[in-house]
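Here is the structure we will look at.
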Amino acid sequence: MAKFYKTAAIGLAAASMAVAAPASATIFEYEFTNGDVLTIDTDTQSGTWIGDSIDTTFTSSDLAGFQGGETPSFMAILTSLDGTRIINGVATTDNDTTHAQKLIFNGTDRVNLWSHWGDPITGGDYVRTVSNFSVADVPAPGMLGLFGLALAALGLGWRRRKTAAA
């Protein structure tokens, strides 16, 4: 009976650690009035902006501090910006050599991907209006793995006791 309580205590401890563990990442998704979707992952410090006329990925260590919200005031200086934007029917890549590439939330419903596009430059900043946003907390995968390992150990221990009793 003492082994049962010890096993139960280990199982409860593992379960409480899994439940109490904070999420390791928050993923923010902004939908714009033109149908574009901007996604920001604070854990990987990366994002995507995808729509009919844009398909980009970007990174910035500043994104780790993004708090989101309906009308955030936030700016990230991008360390990378890859992908294309359709300008006058032509898929155009980022060619920003004149100023830092930035993702700017200006405290209203407008978001600006501050960059120059084309060589020579054929398009400037990409500004859109937010129509909806959502937030998803993603649990830490390591904690879920530990919880699964604890459950497997409990199951094996229960099976061993059952076999020994027979």
Query raised in the report: Do you know which residues across segment 31-63 are small (Gly, Ala, Ser) and either surrounded by fewer than 14 Cβ atoms within 10 Å (Cβ to Cβ) or more than 15 Å from the chain's Cα centre (by Cα) (or both)?
Result: Gly35, Gly51, Ser53, Ser61
Query raised in the report: Identify, please: which residue in segment 93-112 is touching a residue at least 24 places away in the same chain (Cβ under 8 Å) and hydrophobic (A, V, I, L, M, F, W, C) and is, among those, surrounded by the most Cβ atoms within 10 Å (Cβ to Cβ)?
Result: Leu103
Report summary line: Counting only residues that are in a strand (DSSP E or B) and surrounded by 13 or more Cβ atoms within 10 Å (Cβ to Cβ), segment 64-76 contains a total of 3
Query raised in the report: Within segment 113-133, restricting attention to residues that are touching an Asp or Glu at 6+ places or on another chain (Cβ under 7 Å) and under 13 Å from Leu81 (Cβ atoms), which residue is modelled with the highest pLDDT?
Result: Leu113
Query - Extreme residue, surrounded by the most Cβ atoms within 10 Å (Cβ to Cβ), among residues of segment 78-92 that are under 17 Å from the mean Cα position of the chain (by Cα) and assigned to a strand (DSSP E or B) - result: Leu81
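The values are calculated or read from the model by the stated rules, or taken from the named source; none is laboratory data. Please read these numbers as outputs of a predicted model, since none were measured by experiment. In this analysis, Cβ positions are derived from the backbone assuming ideal geometry, glycine residues included, and neighbour counts consider all displayed protein chains.
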